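Worksheet for the structure shown next.
The values are calculated or read from the model by the stated rules, or taken from the named source; none is laboratory data. The model shown is predicted, which means the values in this text are computed figures rather than measured ones. Note that we place each Cβ from the backbone using ideal geometry, even for glycine, and neighbour counts take in every protein chain shown. Just the protein is used for accessible areas: all its heavy atoms, side chains included, with ligands, DNA and RNA removed. Shrake-Rupley method; radii C 1.70, N 1.55, O 1.52, S 1.80 Å.
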Amino acid sequence: MVAPRADPATPSVAAGAGAPVTTVHKADAAPAVITPAAPAPVASHPAAPPSYAPPSFGARYLDNPKPAYPMLARRRGLEGTVRLEVRVSAEGIPTAVRVRESAGHEALDEAAMTAVWHWRFVPARRGSEAVEGVVVVPIRFRLGDDEAA
């Protein structure tokens, strides 16, 4: 059988709502027949991937000490919020800490990072299994507070 040549003037034709689309082009002399493609077989019970829950510092936040407000920053009246990106192991221990968004003052950023390195987290979960994950931790330094919030 000879494959038909494509004619750019011939539009594509849909075989019906929800059915796969079959494109038909004019052939030299033979009329075209539109037949919808057979749908792909569907597995009777596909295995759903286990759900993922990110790590959390909230559930155990009270167990983690607040960062100390740096004395130099306090004397200069510096305030701000640091957002740290923390990679948390399956055991809930920080394995990497980096400043995602600075408070605008290096002293505040450093104080936040130092504190978070000593924190413990609720690890991420995939189904019932603890896995490594990343969490963003905001730490606010405000002079009206005794310590960072």
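For L72, the accessible surface of its heavy atoms amounts to roughly 90 Å² (probe 1.4 Å, protein chains only, rounded to the nearest 10). Taking 0.36 nm per residue of separation and subtracting the Cα-Cα distance, full extension of the segment from K66 to R142 would add 26.1 nm.
Rounded to the nearest Hz, the phi-derived 3J(HN,Hα) couplings of region 107-121 under the Karplus curve 6.51 cos²θ - 1.76 cosθ + 1.60 (θ = phi - 60°) are 4, 6, 4, 5, 4, 5, 5, 4, 5, 5, 4, 9, 7, 10, 10, where x marks glycine and proline.
Computed from phi, the 3J(HN,Hα) profile of region 132-137 under the Karplus parametrisation 6.51, -1.76, 1.60 (θ = phi - 60°) reads 5, x, 10, 9, 9, 10 Hz, with x in place of Gly and Pro. So the label point goes 7 Å from the Cα of T114 along Cα→C-beta, right? Which residues of region 82-108 then have their backbone N under 13 Å from it? Output list for this probe position: 106-108.
Between R83 and S102, the simple label model (points 7 Å from Cα in the Cβ direction) yields a spacing of 1.6 nm. When you restrict to C-alpha pairs under 8 Å that are six or more residues apart and normalise by the size of region 70-142, the relative contact order lands at 41 percent. The percentage of C-alpha pairs in region 63-149 whose separation is greater than 22 Å is 28%. Taking all protein chains as shown and a probe of 1.4 angstrom, H118 keeps an accessible surface of around 130 Å².
Can you list which of the trypsin sites (Lys or Arg not before Pro) found in region 63-149 are DSSP loop residues with at most 15 other C-beta atoms within 10 Å? Of the trypsin sites (Lys or Arg not before Pro), the ones in loops of region 63-149 whose Cβ has at most 15 other Cβ atoms within 10 Å are R120, R142.
The H on the amide N of V88, modeled in the peptide plane, is under 5 Å from the matching H of T95, G133, V134, V135, each at least 5 residues off or on a different chain.
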